[in-house]
Amino acid sequence: MSHPPLDYGYVPGVLPAMIDLARRQRAKDRLVVEKLADCFRPGPILEIGAGCGQLTDLLRQRHLDVTASDVQPFFVDYMVAQGLPALVVDALDLSAGIEKPYDNIFSQSISTLINPDPETIRRTYESVRAALNPGGRFVFILPSRWGEHWSKASDHEQIAQAAGLPLLRRFHNQALPSRFYARLPISALRIIEGSIGRIVGVSWVLVFARPS
Ligand SMILES: C[S@@+](CC[C@H](N)C(=O)[O-])C[C@H]1O[C@@H](n2cnc3c(N)ncnc32)[C@H](O)[C@@H]1O
């Protein structure tokens, strides 16, 4: 028997706070997507667990072919209203929600990977692998440097590897608190992020590749 997906507290009432958070983080996210753009291989990108779609929006401004998705229809309705291509897709069964595999899948902080249940994490990586073309990439932003005790970068690497998604590369991201990114010149921020950000950054960017 299949169960409806868990909402993890993402109900319509959270939308205004998430839109506001995305607005406050926009300057920081603009730099993040510059780095992400290097992690993808040529071809379409699917963002999963996209929430209000701010990263898809910024990636599309860089002329990347990105479609957003989330399991919650209210997020998808919001993204479509913002002019973004967006689909209702469950990360635990991506193949059921897409027409064909993608060259790239991307996510930041999706609930099924930031999760205390290793089985849910494993199912997500297996679902991502099945939804990628051979050689395709999965780029995941893990929001905390050290991880919760149940969600460290090394745990993700191990579970993804067992699911058939070996790690290609990883780096730290975000050297400063988000509020500084709107205040400092972008040229200075690029230098900071490209140097100390990669060593002391507060989040991880993990790039996995499905073997060809
Ligand atoms: C912490 S929010 C992150 C939102 C967005 N990625 C961001 O960084 O602002 C977690 C997101 O995961 C989504 N989510 C939860 N379960 C999911 C599932 N089974 N499939 C796809 N998305 C899911 C939630 O609806 C929510 O949008």
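Below, the figures for the structure above:
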quantity: Residue 38 paired with residue 187, simple spin-label distance in nm, labels 7 Å along Cα-to-beta-carbon; calculated: 1.9 nm
quantity: Distance from the range 163-212 to the range 68-111 (C-alpha centre basis), Å; calculated: 23 Å
quantity: Overall form of the chain per C-alpha gyration tensor (a/c, 1.5; a/b vs b/c); calculated: rounded
quantity: 39, 52 arranged by Cβ crowding within 10 Å, fewest neighbours leading; calculated: 39, 52
quantity: Length-normalised contact order for the chain - Cα pairs under 8 Å, 6+ apart - percent; calculated: 19 percent
quantity: Taking 94, 84, 46, 6 and counting other C-beta atoms within 10 Å, the order from fewest to most; calculated: 6, 84, 94, 46
quantity: Estimated FRET transfer efficiency (residue 117, residue 88; beta-carbon r; R0 30 Å; 0.05); calculated: 0.85
quantity: Residues 74, 40, 138 arranged by fewest to most Cβ contacts within 10 Å; calculated: 74, 40, 138
quantity: Whole-number Å³ per residue for the convex hull built on Cα positions in the range 72-188; calculated: 151 Å³
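Every read-out reported here was derived from the displayed coordinates using simple, explicitly stated rules and does not represent laboratory data. Fair warning: this is a prediction, and the values are worked out from it, not measured in the lab. Neighbour counts are summed over all protein chains in view; Cβ atoms, including those assigned to glycine, are modelled from backbone coordinates with ideal geometry.
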